[in-house]
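Comments concern the structure below.
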Amino acid sequence: MKIAIIGAGNVGGVLARRWVQTGNHVFIASRNPQAGKVQGLIEELAPNAEALPIDQACAAADVVLLSTPWTAAREALTQAGDLAGKVLLDATNPLMETEGGRLALIPGESAGLQVARWLPGVEVVKIFNTVGSGVMADARFSGARPVMLYATDSERAGEIARRLAEETWFDPVHAGGIEYSAHLEHFGMIWINLALAQGHGTDVAFALLRR
């Protein structure tokens, strides 16, 4: 599969590595493809990765991962060009910093729903926003696989999301339509609070137990 990654920071960089290891071709979509950090990642992942301007990377890909900070998401998608017919995986959370320096969700805002409104005709999936990048780098825990909840209205996009989640050792579970994005963003906020404020550390994940 050909995957364009907009925002190759912690989450995007980790997923690029995982997906190249499982046989996919990755395009790092960047406003500055020649930047040292971008080129360092490309050298690490060669020959199954290349850096391109955002619009060219998205045009060449079947799937687009949006993993920018939320404040940069709209501008990045504007630069992406026409994404009609693509599957877009939205890994963002609409975070802000409180006066006390803690992270919180922007009140009344859902990133997944907003992305879907910005991109009519694009199959949007809310996914990869409920745990940190360290868990994504190695999701192997003893016992159950960690769950990766996702939300989408598209069966085709959901199947693609499931496959890419399974390739990163997660247990993918469809939580509902794209309107469930806000719930997944709150779920991600719970992880942030547990990891950073409640002292559990970032090497934690959730599991869905069945019997």
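The values are calculated or read from the model by the stated rules, or taken from the named source; none is laboratory data. On a predicted model such as this, the values are computed, not experimentally measured, just so you know. Methodologically, a virtual Cβ is constructed for each residue, glycine included, from the backbone with ideal geometry; neighbour enumeration extends over all protein chains shown.
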Are any residues in segment 21-37 surrounded by fewer than 19 Cβ atoms within 10 Å (Cβ to Cβ), at pLDDT 95 or above and not in a loop (DSSP other than H, G, I, E, B), and if so, which ones? 21, 25
So, of the residues in segment 179-211 that are small (Gly, Ala, Ser) and in a loop (DSSP other than H, G, I, E, B), which turns out to be farthest from residue 124 (Cα to Cα)? 199
Can you find, within segment 140-174, the residue that is surrounded by the most Cβ atoms within 10 Å (Cβ to Cβ) among those that are small (Gly, Ala, Ser) and under 16 Å from the mean Cα position of the chain (by Cα)? 151
Among the residues of segment 95-131 satisfying the criterion of being in a loop (DSSP other than H, G, I, E, B) and acidic (Asp, Glu), which is surrounded by the fewest Cβ atoms within 10 Å (Cβ to Cβ)? 99
The correct count of residues that are without any contact (Cβ under 8 Å) to a residue 40 or more places away in the chain, not acidic (Asp, Glu) and not in a helix (DSSP H, G or I) in segment 149-171 is 6
Could you check, for segment 104-112, whether at least one of its residues is of a type outside the set (S, T, N, Q) and touching a Gly at 6+ places or on another chain (Cβ under 6 Å)? no
Give me the pairs, please: first residue somewhere in segment 189-200 and over 22 Å from residue 110 (Cβ atoms), second residue anywhere and part of a helix (DSSP H, G or I), beta-carbon distance under 7 Å, and either six or more positions apart or on two chains. 200/194
Per the list (1) of a type outside the set (Lys, Arg); (2) over 30 Å from residue 84 (Cα atoms); (3) at pLDDT 95 or above; (4) surrounded by fewer than 17 Cβ atoms within 10 Å (Cβ to Cβ), residue check on residue 192 breaks on (4)
Return the pair list, or none, for Cβ contacts closer than 6 Å from residues in segment 12-33 that are farther than 15 Å from residue 58 by Cα to residues that are among the polar types (S, T, N, Q), at least 6 apart or on different chains. 14/133; 18/168; 20/48
